[in-house]
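Engineer: Once you've had a glance at the structure underneath, I'll fire off some questions.
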Amino acid sequence: MLLPALAQAREKARAASCASNLKQIGLAYILYSGDYDEHFAPIGPDWFPCWRSYISPYVGESEPVQTSPAPKVFRCPTASPIYIGQEDHPEWYRGTYGANRSTEGWWDPSDSARRLAGRKISTYAYPSQTMLVADGWFYSAGHRFSRQVWTDSLPVMVHSEGCNVLFVDGHVSYLKETTFPSSFAWSNWDSPETIFWVGSDHHVTGQW
């Protein structure tokens with residue numbers, strides 16, 4: 001009887017550590033936006049750099065190079081062991097959190113500064129109800145977590161059949177798989193599902 005209780009206590013501690021990571025990430029997004037005219041960090045490509053590299057200085061880390069390890073703040077302690085045996089990718093790829101695809105802005109690989117605009121905070125009509133970052137989607141074919149989550153790449157439910165979610169306003173909540181919105185309809189702007197994923201009452205392709 002003690003072993004299951006001990007395992008549950010350990011997972012509870014890991015989930016709390018994960019939530020703390022996400023809160024730090026949320027603060028980093030806000031600080032980044034203050035330096036970039038209220039724009040969030042762009043998601044960037046699926047390799048390097050991506051949103052994690054852009055906000056690294058705002059979590060007390062130097063901006064990384066491609067071969068540097070992903071800082072611990074970008075690694076969920078429950079999800080990280082999924083990488084055991086997946087040593088074919090550099091350490092940098094092993095961040096486990098994914099940004100909501102609706103934060104995406106313009107990204108130009110020919111721009112040496114790589115500081116292009118993500119979405120503006122002011123475009124979120126429901127910041128307390130719209131996801132910003134969450135436990136990530138594991139891309140099994142690529143042996144890594146994707147840098148984004150979306151309806152076709154849902155978070156891995158690593159915390160007792162649920163996941164931690166950072167919202168645009170900076171708070172973090174735990175959502176069970178049974179209540180996590182897995183889809184939405186662009187035609188229904190007022191639905192909780194669309195608000196969760198998009199957080200805007202209008203959408204213009206390519207810009208926000």
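Engineer: Which residues' amide hydrogens lie under 5 Å from the amide hydrogen of S153, considering only partners 5 or more residues apart or on another chain, with H built in the peptide plane?
Structural biologist: Hits under the 5 Å cutoff: none.
Engineer: For the residues L175, L31, L132, what sequence is obtained by ranking on other C-beta atoms within 10 Å, fewest first? Mind showing how you got there, number by number?
Structural biologist: Details: L175 19, L31 14, L132 24.
With the fewest neighbours first, L175, L31, L132 line up as L31, L175, L132.
Engineer: Ranked by Cβ crowding within 10 angstrom, fewest neighbours first, how are T178, T78 ordered?
Structural biologist: Values: T178 8, T78 22.
In order of increasing Cβ crowding within 10 Å: T178, T78.
Engineer: Of D37, D169, how do they rank once you tally other Cβ atoms within 10 Å and put the fewest first? Before the final figure, lay out the partial values.
Structural biologist: On the way: D37 8, D169 15.
Lowest count first: D37, D169.
Engineer: Amide H to amide H under 5 Å from L132: which residues, 5+ apart in sequence or cross-chain, H placed 1.01 Å off N in plane?
Structural biologist: Close amide H contacts, sequence-distant or interchain: L166, F167, V168.
Engineer: Can you tell me the Rg and the Dmax, both Å, for the Cα atoms in the stretch 14-57?
Structural biologist: Cα only, the stretch 14-57: 11.4, 35 Å (Rg, Dmax).
Rule-based calculations on the coordinates, nothing more; no lab input. The structure presented is a predicted model; accordingly, all values stated were derived computationally and were not measured. All Cβ positions, glycine included, derive from the backbone under ideal geometry; neighbour counts span all protein chains shown.
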